[in-house]
Amino acid sequence: MWKGFALAIATTLCGCGGAGAPPPQSGSALFRESCAACHSLIGNDSLRREGGDLLGFHFSRQVWLQYAREMPVRRRLTPAQLEAVVEYIMTVQHQD
């Protein structure tokens, strides 16, 4: 009984899991926060962003993940956040 209670306290204090965990961000929100300063997903480079438009690049999921990992961002993205951004990019590309 005490072991489960101690685990619940530790989980709450460290902020992982349970009600204390922040909700996951959508790929769209993460792209806006971490990528949109340099990249767009609109199909042209009219915004003249430094990193260019990503809509025309159709890479595999693995290549997109590697690309996203290498991008200079203010705050490093977690593996789950990288997956969400890549999923968002690939979803937008398939709507084109």
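A few remarks follow.
- In summary, Asn44 fulfils each of the numbered conditions (1) farther than 14 Å from Ile89 by Cα; (2) loosely packed, with under 10 Cβ neighbours inside 10 Å; (3) of a type in the set (S, T, N, Q) with the single exception of condition (2).
- Subset tally (residues that are closer than 15 Å to Ile89 by Cα and without any contact (Cβ under 8 Å) to a residue 24 or more places away in the chain) for region 47-56: 4
Laboratory data are not the source of any read-out in this text; all were calculated from the coordinates shown. Predicted model only: the values in this text are computed from it and were never measured. Quick reminder, even Gly has a Cβ in these numbers, built from the backbone with ideal geometry, and neighbours come from all protein chains shown.
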